[in-house]
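Since every read-out is calculated from the coordinates, none of them should be taken as a lab result. Predicted model, so just to flag it, every value in this text is computed and none were measured. Every residue, glycine among them, receives a Cβ derived from its backbone with ideal geometry; neighbour counts consider all protein chains shown.
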Amino acid sequence: MKQTRPRSLAICVFKNKDRILVAEGYDSVKEQLFYRPLGGSIEFGEHSRSTIARELQEEIGAEVTELRYLGTIENIFTYNGEMGHEIVIVYAGRFTDSSFYERERIDAIEDDTIPFTVVWKPLTYFQQGYAPLYPDGLLELLANEGL
């Protein structure tokens, strides 16, 4: 079913020195690898901060602390040939378990069944155009916040 309204999301940026934690994605139509911070859809009646806590627990079994609101991004895009529209609430946060900062790669699960990979990538990787970081505008937001 095609999306007819913008989807509300909350994502969280975790920083480790010069790197951020991102999920790898692939657009088969564009034949393009891309990256995006962890998070997901805000459920009806759920505060966006709670979305971050729930999604990180479901996806990688992590608890989050020190959430700080960074901004909101409206993202209109095409993925796998389909148009999408999102309102993305962006937070910065920290893991309560410091071992997450030591892992180069984390195996994650979406919707209890779909595996995906999470990695630490230097911000310069995205700034230099090696791969896109979504949502569009996130790099600028992070720069404006001094991250």
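Listed values, structure above:
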{"read-out": "Gained length - Glu104 relative to Glu82, 0.36 nm times residue gap less alpha-carbon distance", "value": "4.7 nm"}
{"read-out": "Residues Asp136, Asp18, Asp112 arranged by fewest to most Cβ contacts within 10 Å", "value": "Asp112, Asp18, Asp136"}
{"read-out": "Ile42 long-range amide H proximity, modeled H, under 5 Å", "value": "Ser8, Leu9, Ala10"}
{"read-out": "Of all DSSP beta bridges in region 7-144, antiparallel share, percent nearest 5", "value": "80 percent"}
{"read-out": "Pairwise label distance in nanometres, Tyr69 with Gln128, each label 7 Å out on the Cα-Cβ vector", "value": "3.6 nm"}
{"read-out": "Residues Tyr101, Tyr26, Tyr35, sorted so that the one with the fewest Cβ neighbours within 10 Å comes first", "value": "Tyr26, Tyr101, Tyr35"}
{"read-out": "In sequence order, calculated HN-Hα J values of region 17-32 (Karplus, 6.51, -1.76, 1.60; Hz; x Gly/Pro)", "value": "6, 9, 10, 10, 8, 9, 8, 7, x, 9, 9, 6, 6, 7, 6, 9"}
{"read-out": "Efficiency of FRET between Asp112 and Leu33 - r from beta-carbon atoms, R0 22 angstrom, step 0.05", "value": "0.35"}
{"read-out": "Full-stretch length increase - Arg7, Leu147 - with 0.36 nm per residue and alpha-carbon distance subtracted", "value": "47.8 nm"}
{"read-out": "Cα shape, region 1-104, gyration tensor, a/c 1.5 rule", "value": "oblate"}
{"read-out": "Order of Lys15, Lys30 under a 10 Å beta carbon neighbour criterion, fewest first", "value": "Lys30, Lys15"}
